1. Say each of residue 263 and residue 58 gets a label point 7 Å from the Cα, pointing the same way as Cα to Cβ; how far apart are those two points in nm?
2. Under the rule a/c < 1.5 gives rounded, and otherwise a/b versus b/c splits prolate from oblate, where does region 1-92 land using the Cα gyration tensor?
3. Given the Cα-Cα distance of residue 398 and residue 328 and 0.36 nm per residue of separation, how much length would full extension add, in nm?
4. Trypsin sites (Lys or Arg not before Pro), restricted to region 212-317: which are DSSP loop and have at most 14 other Cβ atoms within 10 Å?
5. To the nearest 0.05, what FRET efficiency results for residue 297 and residue 220 with a Förster distance of 60 Å applied to their C-beta separation?
6. Arrange the following residues from fewest to most other Cβ atoms within 10 Å of their Cβ: 266, 312, 57, 82.
7. Please give every one of the aspartates and glutamates within straight-line cross-link reach of residue 394, meaning a C-alpha to C-alpha distance under 13 Å, and leave out same-chain neighbours fewer than 8 residues apart.
8. Using a Förster distance of 51 Å, how high is the FRET efficiency between residue 212 and residue 276, based on the Cβ-Cβ distance and rounded to 0.05?
Amino acid sequence: MDPLLLGALVALVTILVLFSGVSVALGLLIVSAGFLLVFDGPRSLELMPEILFGKLDNFALLSIPMFIIMGASIASTRAGADLYEALERWLTRVPGGLVISNLGACALFSAMSGSSPATCAAIGKMGIPEMRKRGYPDSVAAGGTLGILIPPSVTMIVYGIATETSIGRLFLAGVFPGLLLVSLFMAWSLYSTWRSGNAAVLGAGSYTWKEKFEILPRVLPFIVIIIGVLYAMYGGIATPSETAAVGALMCLVIAMVIYRLWNPRDLWVVLRDSTRESVMILFIIAAAGVFSYMLSSLFITQSIAEWIGTLDVSRWVLMAAVNVFLLIAGFFLPPVAVILMAAPILLPIITAAGFDPIWFAVILTINMEIGLISPPVGLNLYVINGIAPDISLKTILMGSLPYVACMVIAILLLCVFPGIATWLPNAVMGGAV
């Protein structure tokens with residue numbers, strides 16, 4: 001069978017298998033084993049166990065469970081609520097300060113947890129009731145709790161491992177685009193609040209200086225950890241995996257000391273949930289390795305890359321098509337699965353077209369964030385609905401659409417000004433080799 005037709009068949013079967021309800025990792029293994037057995041013979045299955053476990057034989061993978069523990073230990077405390085409250089107290093005099101506090105807390109909590117849904121849940125539990133109580137529109141309350149592109153990002157770690165790209169460079173590449181998204185989100189939120197016509201929501205109560213300063217000791221240690229982790233990583237003191245381990249330990253210690261997380265049951269929940277999420281991600285990584293081997297063994301990856309290379313289109317038309325593909329994939333699959341399945345095919349194509357793989361990682365991550373707030377599998381939408389069940393999913397979705405537009409604008413700006421993503425990694429770590 002022609003490799004391109006075979007590739008289309010693989011795509012169709014993969015979609016059907018994943019839509020059947022099986023887990024992503026198991027679905028990829030089933031598809032891989034089936035096609036290898038039919039088109040490459042039974043002997044091709046002998047390599048599957050070696051590839052499966054060999055894909056996990058990577059020291060950099062240790063950073064994934066460590067950053068997940070780091071985020072879980074923070075999410076299990078009131079750190080998100082305290083962070084939100086601290087910003088609210090200091091920004092209360094600023095017009096629309098509650099909106100800025102909400103999004104600022106999302107940005108900082110993203111830097112601590114590396115997870116968009118975790119950010120959405122932690123800040124949303126405090127932010128949504130407070131914003132609704134003060135008369136902010138439901139759409140702003142729903143859309144303003146998005147996790148954003150701030151390092152450390154589990155998505156970036158997975159991309160770095162899948163493409164053998166420097167994780168340190170990827171983290172740095174996400175800083176300015178993340179700040180760009182924060183700015184766009186804040187601008188839209190303030191405009192939306194002003195347009196609502198309720199001037200009362202633009203101002204809030206006042207706090208004394210004592211009230212402003214008394215909250216700082218509860219949040220400053222976590223911010224110090226973020227700065228310390230990034231300094232250790234980029235100062236050449238330790239590898240990403242080592243800094244993640246130290247950061248996880250320090251977050252656990254601070255959670256126990258400041259938030260009295262002494263109960264063994266609470267600690268067990270943190271470790272249990274972190275282990276469960278880590279195993280899920282690592283299993284997907286291992287299964288995606290087998291899936292990539294199947295695509296390469298049947299010459300599907302090479303044929304697709306060769307076919308795209310023969311197309312007489314500009315590289316920007318090609319990039320637009322890649323973005324559409326990523327958006328559609330992100331609507332139905334979790335970010336980790338999309339990255340691991342698509343990276344082996346897309347990376348040779350985008351590098352051959354002259355695009356920077358570090359820059360492309362930022363584009364891909366923003367596409368994945370759009371998928372997290374888009375139906376039918378938009379996880380953040382359901383997180384918000386769980387926090388405020390009286391807000392319909394339709395209202396939440398309508399509230400998230402302007403933020404989708406902000407992300408699309410960010411992608412366009414990154415296409416016009418790629419230095420937004422590439423300048424900081426090159427300035428700190430030197431030009432890419």
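Just so you know, all these numbers are worked out from the coordinates, no wet-lab data involved. Remember, predicted model here, so these are calculated numbers, not experimental data. Reconstructed Cβ throughout: ideal geometry from the backbone, glycine too, with neighbour counts over all protein chains shown.
1. Placing both labels 7 Å along Cα→Cβ, they lie 3.8 nm apart.
2. Because a/c hits 1.5 or more and a/b exceeds b/c, region 1-92 counts as prolate.
3. Additional length available on full extension: 23.3 nm.
4. 260
5. Step by step, r from the Cβ atoms, then E = 0.70.
6. 312, 57, 266, 82
7. In chain and number order, the partners are 138.
8. FRET efficiency, residue 212 to residue 276: 0.85.
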